[in-house]
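See structure below.
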Amino acid sequence: MKTVFKHLASMALAVGALSLSHQALAIGTNVQISTDANGTYDKFSITSFDWADDQSVVIEQNYVAASGAAGAACAGDMTLNCFFGAAAGIGDPAIGSTLTFSLHAQAAINNTGGAFSNGVPNAFPIKTSDGQPFEVTAVLDIIETAEIIAIDGGTGVITIEFLSAAGTFDFFYDTVPNANQVTGDGFTDGLNVVSGVVTSSSGTFEGPNGLGDGGEGSSFIDTMITSYDPMFVDADDPDCDNPGTCLIGSTFNSTLDLDFGQAPFLGQGISCGTGDGDCIIGGDGYEYQQGIDLLLAADPTSQFSRREQIPVPGTVMLLGLGLLGLAGVRRRSRVAG
């Protein structure tokens, strides 16, 4: 009987502790920003960062799974057949084949494109409180794994599914709007206002078929924010009662397009005027290699999530009190017996 009493008491204490605890949940949230990055918010109810169209995504052929000779294996052959076949060292690709590669992406919102969206077109001009232009940029560097899920028997076009991703991302605030998609400069020279890690990816991509046709698809990348500067951004929610700690995640939801004729994303024909056929992407030594890497155009948007503390309902506390009462009754019965 003593054992029963101990068990009941332990259960009651555990349930009582649960009733006093809070569960942390991640829920979507609007954000507010300070266009001066000084903590005085002047843009509110922002549902998403709508990055400018045709931002660049580079899929390197410097594969984790097959480094070294991988670049030479597909030089000039910009098809997924080679990416998942010769470069991976497995010959002809097959459904179920996987490949791990590195990916670099960059995006910008400034006076030439992009918006801080709240459902109203052009609601927020990209200017500081005194009317001066500014920009926000994003840079992602991740390792991603994809799998072949379909091969067209007639054209040989491959469809891949993104399975997982891990890496880092950063947002920068800059009062000198100088991000340049062609040269890759100006994306990391501002104030670092959001940082985090990439936790997962999903989506599909189809093609290209090597006959001059491009490829297209979509990608969804989820992240965890590890730090952010509330001088620039924070949750726009009355339940966010601890500024600087409310935002815990963001997403990158994007279409992906490879069009050999779309400037400045010319696929095999890209020319950055460096003389060696290479193009610096990101301004920090990240290099797109013509004829070896894939250069895609993206149209991404980012949304945010915040931390919410949900108290456990009072009925759980009542259950804990009931168990304590039952434990006491069992103990008194034993003493009386």
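Of note:
- Single residue of Thr100, Thr175, Thr145, Thr155 found to be among the hydroxyl-bearing types (Ser, Thr, Tyr), over 25 Å from Ser195 (Cβ atoms) and either touching a Gly at 6+ places or on another chain (Cβ under 7 Å) or in contact (Cβ under 8 Å) with a residue 12 or more places away in the chain (or both): Thr155
- Yes/no for His7 being at pLDDT below 50, more than 30 Å from Phe134 (Cα to Cα) and out of contact with any Cys (no Cβ under 8 Å at 6 or more places or on another chain): no
- Against the conditions (1) out of contact with any Ser or Thr (no Cβ under 6 Å at 6 or more places or on another chain); (2) modelled with pLDDT of 95 or more; (3) of a type in the set (A, V, I, L, M), Leu211 satisfies every one except (2).
- Residue within region 240-250 that is within 23 Å of Ile27 (Cβ to Cβ) and among the hydroxyl-bearing types (Ser, Thr, Tyr) present: yes
The values are calculated or read from the model by the stated rules, or taken from the named source; none is laboratory data. Quantities reported herein were computed from a predicted structural model and do not represent experimental measurements. Glycine gets a Cβ as well: all are built from the backbone with ideal geometry, and neighbour counts include every protein chain shown.
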